[in-house]
Each structure stands twice: as C-alpha cells, then as structure tokens.
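The structure appears right after this line, and notes come after that.
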Amino acid sequence: MRPLPADTDLLSLHRLAPARYPLLLESVAGGNARWDHVFATDGSGMRLDADGITRDLEGNALEGGFLELLDAAWRAAGPVDRVEGGPPFRGGWALYLGYELAAQIEPVLRLPNAPGPLPIALALRC
C-alpha cells in the first residue's frame, strides 16, 4: 500500500495495466470519503467458470471446489499485518462471488447458469 497524490488518475493506471491493476474501487461518498483503491495483483488467483470447474488464472483445472481451494490458499498466504493508523486495506484477496456460487454451499440447489462472460466466482491475490 502506497499513498498517491490526490490528483492521481487511478482509472488511467487501471487502463494502462489491467492485468496488474484489475480492480478499482473509488469512494463517492460526500464529506467523509477518504480512500480510493486500485488493487495490484501478482497474477495469482482462481476462477470458477460456468462449467463448474475451478481453474487458476492461467486456465489450468484445479482439484476441488472453489470455496475449499480459496480457504486453502488464504490459509497458506498467512495473515497480513495491520499498520496502526494506516489504510483500512493492506493486502489480501479481492473476490467476486456470483449468486450461482450458492450451489457449492447448498448442492441441492439447481441454479441456472448466468448468461454472459463473467465467471461464477473470482479470487485475486492482492
């Protein structure tokens, strides 16, 4: 985590290198808005596709369900130390969890596949 000048255009940084900076969260709250974040990733992570297969970000199939693999990766990465008085986020995972992921938690659900190119779930190590 590195503070940048207030006039830094984070969207341009994201556009310049979307694989390195895949996620931008901008605070739009009035008055108390303190933090905008552009997340940097080392390229590691996983995704659950509509075919039910969890893959690493290079497309290699992984054995196991998305949530159990995420839990194992989270435990292996270990904790990120919080810096007192520092920013509210420092390292960790950026997650997209689609509605269809509920089928891995409750297997009796028969949910339709969502249309479009989005994965069911995505985890990026940041």
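The values are calculated or read from the model by the stated rules, or taken from the named source; none is laboratory data. Here the structure is a predicted model, which means the values were calculated and not measured. Here the Cβ positions follow ideal geometry from the backbone for every residue, glycine too, while neighbour counts run over all protein chains shown. Surface accessibility is based on the protein's heavy atoms, side chains included, excluding ligands, DNA and RNA. Shrake-Rupley method; radii C 1.70, N 1.55, O 1.52, S 1.80 Å.
Numbers below:
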read-out: Hits in region 4-23 (condition: open to solvent by less than 70 Å² (accessible area, probe 1.4 Å) and outside any loop (DSSP other than H, G, I, E, B)); value: LEU10, LEU11, SER12, LEU13, HIS14, LEU23
read-out: Any hit, region 24-39, residues being part of a helix (DSSP H, G or I), at pLDDT below 85 and surrounded by 15 or more Cβ atoms within 10 Å (Cβ to Cβ); value: no
read-out: Members of region 98-126 found to be farther than 14 Å from GLY52 by Cα and either at pLDDT 90 or above or assigned to a helix (DSSP H, G or I) (or both), listed by number; value: ALA123, LEU124, ARG125
read-out: Residue count, region 84-110 (criterion: farther than 23 Å from ARG20 by Cβ and open to solvent by 50 Å² or more (accessible area, probe 1.4 Å)); value: 10
read-out: Test set (1) open to solvent by 60 Å² or more (accessible area, probe 1.4 Å); (2) outside any strand (DSSP E or B); (3) within 26 Å of LEU11 (Cα to Cα); (4) in contact (Cβ under 8 Å) with a residue 60 or more places away in the chain - GLU58 fails condition number; value: (4)
read-out: Of the criteria (1) within 21 Å of ASP42 (Cβ to Cβ); (2) open to solvent by less than 70 Å² (accessible area, probe 1.4 Å), which one ALA76 fails; value: (2)
read-out: Single unsatisfied condition, ARG47 versus (1) touching a Ser or Thr at 6+ places or on another chain (Cβ under 8 Å); (2) surrounded by 12 or more Cβ atoms within 10 Å (Cβ to Cβ); (3) farther than 21 Å from PRO22 by Cβ; value: (3)
